[in-house]
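Structure record follows, encoded as structure tokens.
The values are calculated or read from the model by the stated rules, or taken from the named source; none is laboratory data. Everything numeric in this text was worked out from a predicted model, so none of it was measured. Please note: Cβ atoms are built from the backbone with ideal geometry, for glycine as well, and neighbour counts cover all protein chains shown.
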Amino acid sequence: MKLDTLLINCGQLLTMDHETDMVKGESMTILPHIENGAIGFKDGIIAFIGTTEEATVHQAENTVDCEDRLVTPGLVDPHTHLVFGGSREHEIALKQQGVPYLDILKQGGGIHSTVKSTREASFEELVHKAQFHLNRLISFGVTTLEAKSGYGLEKETELKQLRVVKELQKNNNVTIASTFLGAHAIPKEFQQNPDAFLEEMEAMFAEIKEEKLAEFVDIFCEEGVFTIEQSRNFLIKAKEAGFAVKIHADEIVSLGGTELAIDLQAASADHLIAASDEAIAKFGQSDTVAVLLPGTTFYLNKDGFAKAREIIAAGGAVSLATDFNPGSSPTENIQFIMNLAMLKLKMTCEEIWNAVTVNAAKAIHKEGEAGRLKVGRRADVVIWNAPNYQYVPYHYGVNHAHTVYVQGKEVAKGGASFA
């Protein structure tokens, strides 16, 4: 069989091909890889993996000498708010003056500003804007991601956001998992009756399912937003409607959202900065992935970061994500998140690579197609301008992606995406 593309002289080829579909606890220190590796693609699928010496028996239309560069699976970003209107740079001065977020909300800023802009934007405008940000994500090495709604807070705009995600998936070969986050905040008109708002969001489940607009349902379980009981009832109904579930849990206050996620066997519990020790201990007996978002803590200039070390010590599975959004983490740079994980979450380089590949794929139920290199899987691969896997988290603030392949085709090179 003649290969379409063969990459040779991969200094380190991280296959991430664990025996399990997620790695937990001490297993996160294991990094399956091949020294002086080679990998070949045929019709968008991985057809060969081995050493460069073993690759000499194969012919290829296109042979690429990686010149001892690091080669890995395409990265997985399991938590983004990709589709939104407007931006929020005008709030920076207020934040620097120490104006509390709740006061910014009262002035029409914060999430209310994004909701207004998203409601006013046309479908075409949202597609164009989201494609711009998606290209950026791809340029940093992301080939699989999750995208949430949540800036409509009413039926038509939430559906519009989800339909934009579906359009992006149709127009791009990257894999996008779609999440309905209608319960992202309580809109102004429902401040005195959040239960009625949740009922309106629940009424959308059937239509979302029929149009195949989302795989997951998420909710922001937090003080001043949705209570544990409201979140539980909402997500149980989502599961009954056939959705997998996720939770924005314990970001600011330890309400018990982490325990709820584990009890409901959620795909992931996200944020977790305020998760209690008792909640963290439960991760060891759970397949719920802890998705940590250090970019948000960094951007909001908060003191405490999520307790990655404690979650791993408890035997849990940790993943990392950008939380790309206009208010609290306006970055598409997953590589910077990897650096923050090293510096602020005290994660090892091995743990970090597992967190942005296999565990991230598990967090969005894409473990069967993303996050590892294996014969028969999609050829989503990144060549890095790095001599080894430690270098990418170590050298921060730049884009180390040399070439990004999606289904065996170049979609980004030298930090520029043309997907």
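So which residues in the range 61-114 are on the phi > 0 side of the Ramachandran plot and small (Gly, Ala, Ser), if there are any at all? So that I can check it myself, show each step before the final result.
First pass over the range 61-114, keeping only residues on the phi > 0 side of the Ramachandran plot: 67-68, 86, 98, 108, 110.
Answer for the range 61-114, where residues must be on the phi > 0 side of the Ramachandran plot and small (Gly, Ala, Ser): 86, 98, 108, 110.
What pairs can you find where one residue is in the range 39-60 and closer than 11 Å to residue 6 by Cα and of a type in the set (S, T, N, Q), the other is at pLDDT 95 or above and in a strand (DSSP E or B), and their Cβ atoms are less than 6 Å apart, with a gap of 6+ or different chains?
Note: pairs meeting the criteria are 52/8; 52/9; 52/36; 52/38.
Right, residue 217: within 17 Å of residue 268 (Cβ to Cβ) and either acidic (Asp, Glu) or at pLDDT 95 or above (or both) or not?
In short, yes.
Report, by residue number, each residue of the range 181-202 that is aliphatic (A, V, I, L, M) and over 11 Å from residue 234 (Cα atoms).
Applying the first criterion (aliphatic (A, V, I, L, M)) to the range 181-202 yields 181, 183, 185-186, 196, 198, 201.
Those that are aliphatic (A, V, I, L, M) and over 11 Å from residue 234 (Cα atoms): 181, 185, 186, 196.
So residue 362 fits all but one of (1) touching a Leu at 6+ places or on another chain (Cβ under 9 Å); (2) closer than 17 Å to residue 31 by Cα; what number is the exception?
It fails just one condition, (1).
Scanning the range 184-209 for residues that are more than 21 Å from the chain's Cα centre (by Cα) and assigned to a loop (DSSP other than H, G, I, E, B), which turns out surrounded by the fewest Cβ atoms within 10 Å (Cβ to Cβ)?
By that ranking, first place goes to 192.
In the range 27-67, which strands (runs of 3 or more DSSP E) lie fully inside it and hold 3 or more residues that are over 20 Å from residue 354 (Cα atoms) and within 26 Å of the chain's Cα centre (by Cα)?
Here the list is empty.
Could you grab me the full set of residues in the range 68-92 that are surrounded by fewer than 19 Cβ atoms within 10 Å (Cβ to Cβ) and either part of a helix (DSSP H, G or I) or not acidic (Asp, Glu) (or both)? Reasoning before the result, please.
Here is the first cut: in the range 68-92, the ones surrounded by fewer than 19 Cβ atoms within 10 Å (Cβ to Cβ) are 68, 86-87, 89-92.
86, 87, 89, 90, 91, 92, listed by residue number.
Just to check your reading of the model, which residue among 98, 152 is part of a loop (DSSP other than H, G, I, E, B), of a type outside the set (Ser, Thr, Tyr) and out of contact with any Lys or Arg (no Cβ under 7 Å at 6 or more places or on another chain)? If you could, list the steps in order and put the result at the bottom.
Numbers: 152 fails: out of contact with any Lys or Arg (no Cβ under 7 Å at 6 or more places or on another chain).
Sole residue among the options that is part of a loop (DSSP other than H, G, I, E, B), of a type outside the set (Ser, Thr, Tyr) and out of contact with any Lys or Arg (no Cβ under 7 Å at 6 or more places or on another chain): 98.
Please tell me if residue 128 is closer than 30 Å to residue 405 by Cβ, without any contact (Cβ under 8 Å) to a residue 24 or more places away in the chain, surrounded by fewer than 24 Cβ atoms within 10 Å (Cβ to Cβ) and not polar (S, T, N, Q). Give the derivation first.
On the way: closer than 30 Å to residue 405 by Cβ: yes; without any contact (Cβ under 8 Å) to a residue 24 or more places away in the chain: yes; surrounded by fewer than 24 Cβ atoms within 10 Å (Cβ to Cβ): yes; not polar (S, T, N, Q): yes.
Spelling it out, residue 128 is indeed closer than 30 Å to residue 405 by Cβ, without any contact (Cβ under 8 Å) to a residue 24 or more places away in the chain, surrounded by fewer than 24 Cβ atoms within 10 Å (Cβ to Cβ) and not polar (S, T, N, Q).
Report, by residue number, each residue of the range 358-375 that is farther than 13 Å from residue 17 by Cβ, under 12 Å from the mean Cα position of the chain (by Cα) and either surrounded by fewer than 24 Cβ atoms within 10 Å (Cβ to Cβ) or not polar (S, T, N, Q) (or both).
Those that are farther than 13 Å from residue 17 by Cβ, under 12 Å from the mean Cα position of the chain (by Cα) and either surrounded by fewer than 24 Cβ atoms within 10 Å (Cβ to Cβ) or not polar (S, T, N, Q) (or both): 360, 362, 363, 364, 365, 366.
Quick one: how many residues across the range 230-271 are farther than 18 Å from residue 363 by Cα and surrounded by fewer than 20 Cβ atoms within 10 Å (Cβ to Cβ)?
Of the residues in the range 230-271, 10 are farther than 18 Å from residue 363 by Cα and surrounded by fewer than 20 Cβ atoms within 10 Å (Cβ to Cβ).
Please work out which residue is farthest from the chain's Cα centre (by Cα), limiting yourself to the range 163-183 and to residues that are among the hydrophobic types (A, V, I, L, M, F, W, C) and under 14 Å from residue 142 (Cα atoms).
That would be 174.
I need a count of the residues in the range 60-83 that are farther than 30 Å from residue 22 by Cβ and either at pLDDT below 95 or among the hydrophobic types (A, V, I, L, M, F, W, C) (or both).
Going through the range 60-83 one residue at a time, the tally reaches 2.
For the range 159-176, state whether one or more residues are aliphatic (A, V, I, L, M), in a helix (DSSP H, G or I) and under 30 Å from residue 71 (Cα atoms).
The answer is yes; a qualifying residue exists.
Could we say that residue 181 is under 25 Å from residue 227 (Cα atoms), of a type outside the set (Phe, Trp, Tyr) and either at pLDDT 95 or above or not in a strand (DSSP E or B) (or both) here? Explain how you work it out, then say what you get.
Details: under 25 Å from residue 227 (Cα atoms): yes; of a type outside the set (Phe, Trp, Tyr): yes; either at pLDDT 95 or above or not in a strand (DSSP E or B) (or both): yes.
Criteria met by residue 181.
Can you tell me how many residues within the range 382-403 are buried (at least 24 other Cβ atoms within 10 Å of the Cβ) and touching a Gly at 6+ places or on another chain (Cβ under 6 Å)?
Looking only at that region, the number is 2.
Pairs, please: C-beta under 8 Å, at least 6 apart or cross-chain, first residue part of a helix (DSSP H, G or I) and in the range 377-401, second small (Gly, Ala, Ser)?
Listed pairs, sorted by first residue: 392/386; 393/341.
Please go through the range 77-101 and pick out each residue that is in contact with a strand residue (DSSP E or B) (Cβ under 9 Å, 6 or more places away or on another chain) and aliphatic (A, V, I, L, M).
Scanning the range 77-101 gives 82, 83.
Search the range 170-194 for residues that are without any contact (Cβ under 8 Å) to a residue 24 or more places away in the chain and closer than 24 Å to residue 222 by Cα and pair each with any residue that is acidic (Asp, Glu) and part of a loop (DSSP other than H, G, I, E, B) when their beta-carbon atoms are under 9 Å apart and the residues are at least 6 apart or on different chains.
The qualifying pairs are 189/154.
Taking only the range 102-125 into account, find how many residues are part of a helix (DSSP H, G or I) and either charged (D, E, K, R) or crowded, with 16+ Cβ neighbours inside 10 Å (or both).
Keep residues of the range 102-125 that are part of a helix (DSSP H, G or I), which gives 102-106, 111-120, 123-125.
Right, trim to either charged (D, E, K, R) or crowded, with 16+ Cβ neighbours inside 10 Å (or both) and you get 103-104, 106, 111-120, 124-125.
Here the count works out to 15.
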